[in-house]
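> Have a look at this one before I ask anything.
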Amino acid sequence: MSITRFVTSDGLPGLLAFLSQNGRRVLVPVEKPANKRSVVFEAWKQGQPFTLEKATVPPKAAVLPQCETLLTYKKSKDPENPERVSISLEDGIRAQPTVVFACRPCDARGFAVLDRPYLEGPFADPYYKARRDQLTVFTLTCASGCNTCFCHWVGGGPTSLEGSDVLMTEVEGGYVLQAVTPGGEELLAATDLPDGAERFPQAEEARKAAWASLEPAPNIKDAPQKLAALFSNAEFWQEQTDRCLSCGACTYFCPTCYCFSITDEGEGLSEKGGRRLRSWDNCMSSLFTREASGHNPRALKAFRMRNRVSHKFSTYPENWGAFSCSGCGRCISNCPVCLDIRAIVLAALNASQATAE
Ligand code: SF4
Ligand code: SF4
């Protein structure tokens, strides 16, 4: 068994203080009661209150900020010969050692989903890599599911290890911490927390109870092929999408959506210069695929929904061997018209079954 430690509930601020040493930023879930009681990840400071509730906004920004400066540029004239100009370029790779503390297993699996295209493709993204290399993930196992969670449909679960460095499980009086990776082991070994081995059986019981609380998961392993077979069935996608408002909440709250847009701001190639920004984009917006000519290959919201669902449950799995949805349920709980991605996947499985019969 990997190394374990035990921390009392009262000892959590001390653990956060330890983790904050050596310039590490520790992101903890913080309640924002004024903002419809949302829970967001913020950098912890001594004395700051925090919560261990599931965050309403995933911690994805730890590796993929909502907006970042990729580079700055400017033109300079040679003072001796003003006809001669040079262009200077500075890249903006900035990363700080970071701990995400008390995210849930679906969010930790979200990092694993992002890692494949950003790190394992033909070109690793240096901005993402710099942050990911310095990230440590402390995941709190869930005591039970909720009515929008479906992590166990998509290969995860309330106690899943994927994407985590340390797994925390609540037991009587505190939390058992279990190292999952060498990085997690190194951090836990450096704490002065007592060994957690004696309480580990309690943690195992709690983990079993979490699994027992879940409704049985439907078998969606054929979703990639079934969705691909429905690609040209516009009627199906229109039926699934009619009430969508194209607001994009489902993408912005998703721990696994990773599309971005690049924009240049400033005075261009001048002496004042400019900067190139990368910011989150939203495939549910009609502007997402509009081309410079004005042509839009996904002008209909039905086609945008087809893209979103098919990417998560068909094309990404075909490329990477796993769904690009961690079943966190945030797209369901935040959709203003209660569209449910689970229902669309199940409808696709049923529709293509009906077609095959
Ligand atoms: S959150 Fe709902 S309404 Fe908004 S774009 Fe997504 S599916 Fe459509
Ligand atoms: S698609 Fe929905 S349920 Fe799946 S990871 Fe994204 S927000 Fe969560």
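The values are calculated or read from the model by the stated rules, or taken from the named source; none is laboratory data. Please read all numbers here as calculations on a predicted model, not as lab measurements. Every residue, glycine among them, receives a Cβ derived from its backbone with ideal geometry; neighbour counts consider all protein chains shown. Note: areas computed on protein heavy atoms with side chains; ligands, DNA, RNA excluded. Shrake-Rupley method; radii C 1.70, N 1.55, O 1.52, S 1.80 Å.
> Which of Thr159, Ala302, Ala62 sits closest to the plus end of the dipole of segment 4-356, meaning its Cα is farthest towards the positive end, when Lys and Arg get +1 and Asp and Glu get -1 on the C-beta?
Result: Ala302.
> Along each of the three principal axes of the Cα atoms of segment 58-122, give the extent in whole Å, ordering the values from largest to smallest.
61, 27, 18 Å, listed from the longest principal axis down.
> Students often get this wrong, so check it: of Lys32/Lys312; Lys36/Lys74; Lys45/Lys74; Lys36/Lys301, which have C-alpha atoms separated by over 32 Å?
Among Lys32/Lys312; Lys36/Lys74; Lys45/Lys74; Lys36/Lys301, the Cα-Cα distance tops 32 Å for Lys36/Lys74; Lys45/Lys74.
> For segment 131-206, which GluC sites (Glu not before Pro) are in a loop by DSSP, counting at most 14 other Cβ atoms within 10 Å?
Glu172
> Right, another one. Can you divide the C-alpha Rg of the chain by 2.2 N^0.38 Å and report the result to two decimal places?
The chain yields a ratio of 1.12.
> Filter the chymotrypsin sites (Phe, Trp or Tyr not before Pro) in segment 258-357 to those in DSSP coil with at most 16 other Cβ atoms within 10 Å of their Cβ, and list the result.
Nothing satisfies the criteria.
> While we're on this one: Using the Cα centre of segment 273-357 as origin and beta-carbon charges of +1 (Lys, Arg) and -1 (Asp, Glu), tell me which of Leu287, Cys325, Ile344 is placed farthest towards the positive end of the dipole.
Farthest along the dipole direction, towards plus: Leu287.
> Would you calculate a helix-derived [θ] at 222 nm for the chain, using -39,500 (n - 2.57) for each DSSP H run of n ≥ 4 and dividing by the full residue count, to the nearest 500?
Mean residue ellipticity at 222 nm (helix-derived): -8000 deg cm²/dmol.
> Take each complete run of DSSP H in the chain, measure how far its Cα atoms stretch along the helix's own axis, and keep only those covering 20 Å or more with mean Kyte-Doolittle hydropathy at least 0.0; list them.
Going by DSSP H runs, the hits are 341-356.
> Taking loop as defined by DSSP and a crowding limit of 12 other beta carbons within 10 Å, which trypsin sites (Lys or Arg not before Pro) in segment 254-292 fit?
Sparse-neighbourhood loop trypsin sites (Lys or Arg not before Pro): Lys272.
> Name the residue from Gly14, Leu187, Cys257 whose Cα lies farthest towards the positive end of the charge dipole of the chain, charges +1 on Cβ of Lys and Arg and -1 on Cβ of Asp and Glu.
Cys257
> I would also like to ask the following. Checking the cross-link filter: which aspartates and glutamates have an alpha carbon closer than 15 Å to that of Lys208, excluding same-chain neighbours under 8 positions apart?
Glu170
> Moving to a separate point now. Identify the residues of segment 38-76 with backbone N under 13 Å of a label point that sits 7 angstrom from the Cα of Glu267 along the Cα-to-Cβ direction, or state none.
Counting backbone N atoms under 13 Å from the label point, the list is 73-76.
> Compute the accessible area per residue over the chain, keeping the other protein chains in place, probe 1.4 Å, unit Å².
Accessible area per residue: 50 Å².
> What lysines sit close enough to Lys75 to cross-link, taking a C-alpha to C-alpha distance under 16 Å and skipping anything fewer than 8 places away on the same chain?
Lys272
> Restricting to Cα pairs below 8 Å that are 6+ residues apart, what does the relative contact order work out to for segment 4-356? Please round to a whole percent.
Relative contact order for segment 4-356 comes out at 20 percent.
> Compute, for segment 4-356, the length of the dipole vector about the Cα centre, with Cβ point charges of +1 (Lys, Arg) and -1 (Asp, Glu) only. Units Debye, rounded to 20.
900 debye
> Hey, any idea what % of segment 40-146's accessible area is carbon plus sulfur with a 1.4 Å probe?
52 percent
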